[in-house]
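For reference, the structure discussed in these notes is given below.
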There are 2 protein chains.
Amino acid sequence: MKNVFYAQSGGVTSVINSSAFGLFSELKDKAPGSDIYVGRNGIVGLIENEVYDLSKSTRPLELLLESPGGMFGSCRYKLPDIEEEEFYQDLFENLEKYSIGHFFYNGGNDSADTCLKISEAAKKLNYPLSAIAIPKTIDNDLAVTDNSPGFGSAAKYVATSVKEASLDVKSMCDTSTKVFILEVMGRHAGWIAAAAELANDDKNTYVHKILIPEVPFDADAFLDGVKRDVEEYGYSVIVASEGLKDEDGEFYTASNKKDSFGHSQLGGLAPKLANLISERFEFKHHWAVSDYLQRSARHIASETDIQQAISVGRAAANMALDGKTGSMPIICRESNDPYEWSIKEAGLIHIANKEKTVPLDFISEDGFRIRKEGVEYLKPLIMGESYPRYRDGVPYYEPLDLHLSEN
Amino acid sequence: MKNVFYAQSGGVTSVINSSAFGLFSELKDKAPGSDIYVGRNGIVGLIENEVYDLSKSTRPLELLLESPGGMFGSCRYKLPDIEEEEFYQDLFENLEKYSIGHFFYNGGNDSADTCLKISEAAKKLNYPLSAIAIPKTIDNDLAVTDNSPGFGSAAKYVATSVKEASLDVKSMCDTSTKVFILEVMGRHAGWIAAAAELANDDKNTYVHKILIPEVPFDADAFLDGVKRDVEEYGYSVIVASEGLKDEDGEFYTASNKKDSFGHSQLGGLAPKLANLISERFEFKHHWAVSDYLQRSARHIASETDIQQAISVGRAAANMALDGKTGSMPIICRESNDPYEWSIKEAGLIHIANKEKTVPLDFISEDGFRIRKEGVEYLKPLIMGESYPRYRDGVPYYEPLDLHLSEN
């Protein structure tokens, strides 16, 4: 049992493939006798026996360093409780078929749950397996780790985009748009919206209101604040998390759609806020919704983020080879300035299904801004640029050639 | 009468300031005795006698090459008919106060109208003036010129963004989102949406439907097509112009808001299309709205676009010094491959208030894609990267120090 299974899970990021590169290159170095198999579309590929045999790929693995999205496909799929023996017996039969001794699952807190179940099922079935989760989420809501690969690049995208859009609004506010709203992701944690504060200067040129799920939305205070922004600066720029909640803790914009984990599918916050403003003021407004653009913008990825994504992949390889299971490499901050970090490890029991939100001491008293402490935490994560190659004016994102195993 | 007035007008772009740089640097070289005055917020600054004296700015003009938005402020302001003598007498008194002999107006087709009126009013009032328009619009809808500065960078943003987002959708379509909609700008012309075709490969990996105002929207054909995309590729990626029109020629998404030119303020097409899809299919969908992000994304500007923006600025200077008036430098395409272009000139009478839409021979038979002829036209315009400097992880967009004249 010495072969390797890897899969990508949950919402993908612009750097998840860099973690795959870190893992694979470390394994090729430290465990050259192991074959690497990769699930097509996450754990679903293992369940349905659709598994890529990486030894058959001939294109360079370095392509993983440049391409956003999930090179091998990802999924939203919740494993049943480990009491469901038949399911897990079938799943472990598939692992055995490929002589898998090392299982790596690259995802967020739902995926940590999957990896923990696999680890526990292996013990129950007496199957020798190292099950290691590799952290990934643009939401930065994974517990225990200081930050999560994928977040830094989304944060850099948001800070850059809002700085640019604010210069547009500032140019025209006297005779045209006075309010601009950017809706970003973040279902329960406001990290991505918080990163907009990184665009700001000491004159508040770029961002005036940040709305995050950690702060119950007070429409009157918000509208009063927008009015003051327009009076003071000539315009108001607002960055809002999709998961903004009202004072009863309900999503401010909720739809009836739910995903396979039972999470509500959100969307439409920006136009809802724009309507709210229209009802009170005559201000012309514009709104943007970043949606998938923010989590796939490899063209403006953070170099720090890419290096951390590679490092957690490498560390996961070494943890598995050391016989660890049910654990995850985590990023530990050693110092802020200069920014220094190291990789340690933590048990999935502390991570699975948990959410790390923006701490209250990062949030300004009025609830609409990020304080110095938050900026100091966020700033190092977006540092450094890592440009992809371009061909014919668009980024050169080329896939690996992938071949399903015939086992 | 040898001094210079320059102003920026209409929706700003990520490269309009590069045209200002081209103009100013050429003037400093060819007419070193002229003082340069710049309208604060476009023509409004001239009317209200709020005019920056560029000789008082001490920071380097090269900052103009990096910063998106309008460095001097822009406006949406329609000049009255030139029969309104009192208005024009006041306006020309302000020009005379600064001994302005050269008037430059940097904008789109509404701004060409403004510049033409100024040119004609000058003749009527026997005021010696060269009034030259400098082309600028992300919409690429200016007549006569082969393309417009500002468009290439918006096009590069859209092609890059949709390529990235499509990789995200492709990664997860088996168990999650199957339809992704990106709404882009383009009120009457579909050029920006058309640029999404530049992301595509010969397997249609990245873009499946492009919806533009030139093609009346046929909802049934669209929905049938989306269904076929999902069957064939597993997902469907749609890029839609905000100005999409129905079969009666009405905006598919119209609001009651109008700007100062009487244009409807649009928005909300992406969620409307998403709802249309939800009513027919169970496909999970996501949507994004680029809004101002697409026209301010200097971080991913086209180097070709920047060079052309500078060149029209330089050419405008020379046209004015040659005594031309009521005209505009235009970009002429000499060849596609290798792409070669030159700057010529055209009368504003052929440009003002006109719109150049996507020609029918660029559009596929079904109306949902851009043909090879269109791709050949579009491709050179997004070529080349020109990265801004970064500080602390965000682009370094620093303003000039601007000082109002005390005249």
> How about the stretch A:334-401: which GluC sites (Glu not before Pro) there are in a DSSP loop, with at most 11 other Cβ atoms within 10 Å of their Cβ?
Replying inline: A:Glu365
>> Only bridges whose two residues both fall in the protein assembly as shown count here: according to DSSP, what percent of them are antiparallel, nearest 5?
In response: 40
> How many angstrom lie between the C-alpha centres of the stretch A:32-50 and the stretch B:1-73?
Replying inline: 59
>> Largest first, please: the extent of the C-alpha atoms of the protein assembly as shown along each principal axis, to the nearest Å.
In response: 97, 58, 47
>> As a check on your reading of the symmetry: which chain B residue has its Cβ nearest the axis that brings B onto A, and how far is it in Å?
In response: B:Val289, 2
>> Can I get the semi-axes of the stretch B:151-297's equivalent ellipsoid? Compute them from the C-alpha gyration tensor as square roots of 5 times the eigenvalues, in angstrom, largest first.
In response: 24, 18, 13
> How far is helix B:151-172 tilted, in degrees, relative to the longest principal axis of the Cα atoms in chain B, given as a value from 0 to 90 rounded to the nearest 10?
Replying inline: 20
>> Within 9 Å, Cβ to Cβ, of A:Pro329, how many net charges do the neighbouring residues add up to if Lys/Arg are +1 and Asp/Glu are -1?
In response: +1
>> I need B:Ile36, A:Ile118 ordered by Cβ neighbour count within 10 Å, fewest first.
In response: B:Ile36, A:Ile118
> Tell me, what are the semi-axes, in whole angstrom and largest first, of the equivalent ellipsoid of chain A as set by the roots of 5 times the Cα gyration tensor eigenvalues?
Replying inline: 40, 22, 19
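Using just the alpha carbons, could you tell me how many Å³ per residue the convex hull of the stretch A:203-361 encloses?
Convex hull of Cα atoms, per residue: 185 Å³.
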> Using the alpha-carbon atoms, what tilt in degrees (0 to 90, nearest 10) does helix A:219-233 show relative to the longest principal axis of chain A?
Replying inline: 70
>> Kirkwood Rh and Cα-based Rg: tell me the resulting Rg over Rh for the stretch A:273-355, rounded to two decimals.
In response: 1.21
> Who wins for biggest fluctuation among B:Pro359, B:Pro149, B:Pro338 in a Gaussian network model of chain B, springs between alpha carbons below 10 Å?
Replying inline: B:Pro338
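When DSSP beta bridges are limited to those with both residues in the stretch A:151-298, what percentage is antiparallel, rounded to the nearest 5? Display every interim value, and only then the final one.
Working: 2 of 16 bridges.
That works out to approximately 10 percent antiparallel.
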> In degrees between 0 and 90, to the nearest 10, how far off the longest principal axis of chain B does helix B:109-124 point, with axes built from Cα atoms?
Replying inline: 20
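Let me have the relative contact order for chain A, percent, based on Cα pairs under 8 Å that are six or more residues apart.
Working: 944 pairs, mean separation 97.2, N = 407.
Relative contact order for chain A comes out at 24 percent.
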> At a Förster distance of 51 Å, what's the computed FRET efficiency of B:Glu250 paired with A:Lys354, Cβ-Cβ distance as r, to 0.05?
Replying inline: 0.50
>> I need the calculated FRET efficiency for the pair A:Ser364 and A:Asp337, taking r as the beta carbon distance and R₀ as 25 Å, to the nearest 0.05.
In response: 0.70
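Within the set of other residues whose C-beta is less than 14 Å from the C-beta of B:Ala131, count the net charge using Lys and Arg as +1 and Asp and Glu as -1.
Net charge around B:Ala131: 0.
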> What is the spin-label model distance, in nm, from B:Lys124 to B:Lys28 if the labels are put 7 Å beyond Cα along the C-beta direction?
Replying inline: 3.7
>> Taking loop as defined by DSSP and a crowding limit of 13 other beta carbons within 10 Å, which GluC sites (Glu not before Pro) in the stretch B:143-247 fit?
In response: B:Glu247
> Net charge near B:Trp287, counting Lys/Arg +1 and Asp/Glu -1 over other residues with Cβ under 9 Å of its Cβ?
Replying inline: -2
> Of the trypsin sites (Lys or Arg not before Pro) in the stretch A:193-242, which ones lie in a loop per DSSP and count no more than 10 other C-beta atoms within 10 Å?
Replying inline: A:Lys203
>> For Cα pairs less than 8 Å apart in space and 6+ apart in sequence, what is the mean separation divided by the residue count of the stretch A:120-276, i.e. the relative contact order in percent?
In response: 20
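What average number of partner chain Cβ atoms lie no more than 10 Å from the Cβ of the residues making up B:148-156?
If you average over the peptide's residues, the count of other-chain Cβ atoms is 1.
Computed from the coordinates by the stated procedures, all read-outs in this text should not be read as laboratory data. The structure displayed is predicted, hence computed values, not measured ones. Neighbour counts are summed over all protein chains in view; Cβ atoms, including those assigned to glycine, are modelled from backbone coordinates with ideal geometry.
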